[in-house]
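The values are calculated or read from the model by the stated rules, or taken from the named source; none is laboratory data. Worth saying up front: this structure is predicted, and the values here are computed from it rather than measured. We place every Cβ from the backbone using ideal geometry, glycine too, and count neighbours over all the protein chains shown. For the accessible areas, the whole protein counts, side chains as well, though only heavy atoms, and no ligand, DNA or RNA atoms are used. Shrake-Rupley method; radii C 1.70, N 1.55, O 1.52, S 1.80 Å.
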Amino acid sequence: MSTDDLRLVDSLFTAYNGPLVPGASVVVIHEGRVVVRRAYGMADLEHQAAATPETDYRLASVSKQFTAMAVMLLAQDGRLRYDQPVRDFLPELPSTARSVTVRHLLNHTSGLWDYEDLIPESGTAQLDDRDVLALLGSKDSSYFPPGSTYRYSNSGYVLLGLIVARVSGMSFPEFLRARIFVPLGMGATVAHVEGSDTIPRRAYGYSPRGGAFVQTDQSVTSATLGDGGIYTNVDDMTRWDQALYGGGTELVDAATMELATTPPQLPAGAATQYGFGWFIDQYRGETRWRHTGETSGFRNAIQRFPRRHLTVIVLTNRSSGEPEAFAERIADRLLFH
């Protein structure tokens, strides 16, 4: 990248820079080379710990691509089928879920209730995945018949994490570690369960309030796993990104990746851009894989342009700002300038 290109990147993150504000870590990988690896601001305001490229951020919904990959690995192993009913694995689900399949969960076409809408207003304790299953099991209705339309669903990806655990006989964090993180050398990455692991270079989440930033690191939904529970850094995300191209480090075969990045055809012209853990669309004539992640105190974005071998990843520990727009600006500069 040229000096002007780097200056553009730095200018995008001006508001993230300095000793008094939560920060960001950014990586740009172009044609197999890391061309930007930058960090700004603070990972932990209370302890004055600066953000670095090694800082671990909560991925929120960017985690979904890893949950989907775990399911794809089990399908490739012959341990489950995409069109298998989810009640084969989770009989606690209500009868209205009997025709919901694994594929429906992956594609966000299940029609199952969003668990966030089922949490009692008085609830203050954090929910784990079993709590989500219990909430869904108590609701014998759905938004729409499975497979008929698209509706983004955190519930579906929590259930996928539970299915991975039941089918594999391992906890979901253990399966991810054994089958994805260790093989790819992602040593800083963990599906976080409070009290059972450590996040050595942890960023804490913040929100703007009254002209300052206050810590908002956890919420009632911050302990679920399959929909958003992974912490990682931009260096490990680079390893993940490169493995998605194949070339000897791939986790699943090319046919599986093709399936994962092809949104389903829905009836009656219903539109969707979602494959397995990725939004797939066209941007300025280029195929793009993308996802964002937003949770209490964190906002993140990944944009991949596989044909051009360009990926931009932005991880931030604040519940404001537009990392997706920043990633797009950087892609514009490198691909279309």
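Structure notes:
- Selection within region 59-81 - touching a strand residue (DSSP E or B) at 6+ places or on another chain (Cβ under 7 Å) and open to solvent by 10 Å² or more (accessible area, probe 1.4 Å): Ser61
- Failed criterion for Thr149 (all others in (1) within 17 Å of Gly277 (Cα to Cα); (2) part of a helix (DSSP H, G or I) hold): (2)
- Residue pairs meeting the criteria (Cβ under 7 Å; at least 6 apart or on separate chains; first over 17 Å from Arg304 (Cα atoms), in region 234-262; second open to solvent by less than 60 Å² (accessible area, probe 1.4 Å) and of a type in the set (Val, Ile, Thr)): Leu251/Ile180
- Sole exception among (1) modelled with pLDDT of 95 or more; (2) of a type in the set (A, V, I, L, M, F, W, C); (3) over 30 Å from Ser25 (Cβ atoms) for Ile119, by number: (1)
- Extreme residue, farthest from Arg290 (Cα to Cα), among residues of region 58-87 that are part of a helix (DSSP H, G or I) and basic (Lys, Arg): Arg87
- Residues in region 291-316 that are among the polar types (S, T, N, Q) and either open to solvent by 10 Å² or more (accessible area, probe 1.4 Å) or more than 16 Å from Ala39 (Cα to Cα) (or both): Thr292, Thr295, Ser296, Gln303, Thr311.
- Pick from region 114-156, criterion of a type in the set (Phe, Trp, Tyr) and farther than 19 Å from Gln218 by Cβ, ranking: least open to solvent (accessible area, probe 1.4 Å): Phe144
- Test: residue in region 85-94 that is crowded, with 20+ Cβ neighbours inside 10 Å and hydrophobic (A, V, I, L, M, F, W, C): yes
- Strands (runs of 3 or more DSSP E) within region 186-260 that include 1 or more residues closer than 30 Å to Tyr115 by Cα and over 15 Å from the mean Cα position of the chain (by Cα): 206-209, 212-215
- The listed residues are Leu160, Leu176, Leu136, and the only one of them that is at pLDDT 95 or above, in a helix (DSSP H, G or I) and over 23 Å from Arg79 (Cα atoms) turns out to be Leu136.
- Residue list for region 1-57, filter: touching a residue at least 12 places away in the same chain (Cβ under 8 Å), over 20 Å from Ala243 (Cβ atoms), in a loop (DSSP other than H, G, I, E, B) and open to solvent by less than 70 Å² (accessible area, probe 1.4 Å): Phe13, Gly18, Val21, Gly23, Gly41, Leu45, Ala51, Thr52, Thr55
- Residue identified as open to solvent by less than 60 Å² (accessible area, probe 1.4 Å), in contact with a Gly (Cβ under 6 Å, 6 or more places away or on another chain) and small (Gly, Ala, Ser) among Gly226, Gly246: Gly226
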